[in-house]
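The values are calculated or read from the model by the stated rules, or taken from the named source; none is laboratory data. These numbers were taken from a predicted model, which means no experiment stands behind them. Glycine gets a Cβ as well: all are built from the backbone with ideal geometry, and neighbour counts include every protein chain shown. Ligands, DNA and RNA are stripped out before the accessible areas are found, and what is left, the full protein with its side chains, is counted by its heavy atoms. Shrake-Rupley method; radii C 1.70, N 1.55, O 1.52, S 1.80 Å.
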Amino acid sequence: MGGFLVLNSSNNVVRTVPSKKRKHPEYESKIRELISGIKSDNLREAVRLPQGVDINEWFAMNTVDFFNQISLLYATLEEFCTQTTCPVMNAGRYEYKWADGTTITKPKTVSAPKYVEYLIDWVETEIDNEAIFPKNPGEPFPPNFEDFVKRILRKLFRVYAHIYYSHFHQIVALNEQAHLNTCFKHFLLFVSEFQLVDKEKEMAPIKSLVETMLDQ
């Protein structure tokens, strides 16, 4: 498994973020070839399901990519997002309690860094579970695979909401706002294209930002 070396604002390596990849490069290569002609600035076209690609494969590949992106973005903020500065995982008055439905079934209040720690561990477990994310070409996805994807993406959105609400000034100080905005817009367009995250319920904490990005 590969990873990222992440630097903090003092240019010190603070952690390695695991880079999860799907394990059938031939199929991924086919998908990426189909979208290679799409310009990087045309995100609306980039999120559409390419002709001939299985929708579950499209969901799987993009879910892993979005997970890697938010893991890397959050890692640059770890020195600012701590148990002291962010004792509750929230976006303003909206609190996000942690539950994964397996090891923690009753939602509980946790700090933002603890929430993200739980999230990363949980998503990695989901991705590594071949009964959910099959690793070889032609292996079937579970009938409810979209439900797994929705649960993951919903929780990833909450990390974006926390970053924008609580840490955007630090993002600006690190000169990461353009990258953050591009990653978030890509994420928003994808989940909106396939209706994977409830706009009214889940996106309410940063509704005006979401609407602005989707209208651009």
Per-residue counts of other Cβ atoms within 10 Å, averaged by peptide: what ranking do you get for 97-107, 181-191, highest first?
181-191, 97-107
In nm, to one decimal, how far is the modelled label at Thr103 from the one at Glu45, with both set 7 Å along Cα→Cβ?
4.4 nm
Take the residue pairs Lys106/Lys185; Lys114/Lys207; Lys97/Lys199 and return only those whose Cα atoms are more than 29 Å apart.
Lys106/Lys185
State, to one decimal in nm, how far the label point of Gln216 lies from the label point of Ile55, with both points 7 Å from Cα in the Cβ direction.
2.8 nm
Table column - 3J(HN,Hα) (Hz), the range 77-92, Karplus curve with 6.51, -1.76, 1.60, x for Gly and Pro:
10, 4, 6, 9, 9, 10, 4, 7, 6, 10, x, 10, 6, 8, 9, x
Percent accessible area from carbon and sulfur atoms, the range 52-215, protein chains only, probe 1.4 Å
49 percent
Work out from phi, with θ = phi - 60° and the Karplus expression 6.51 cos²θ - 1.76 cosθ + 1.60, the ³J(HN,Hα) of each residue of the range 102-117, listed in order in whole Hz, and give x for Gly and Pro.
10, 7, 10, 9, 9, x, 10, 6, 9, 5, 4, x, 5, 4, 5, 4
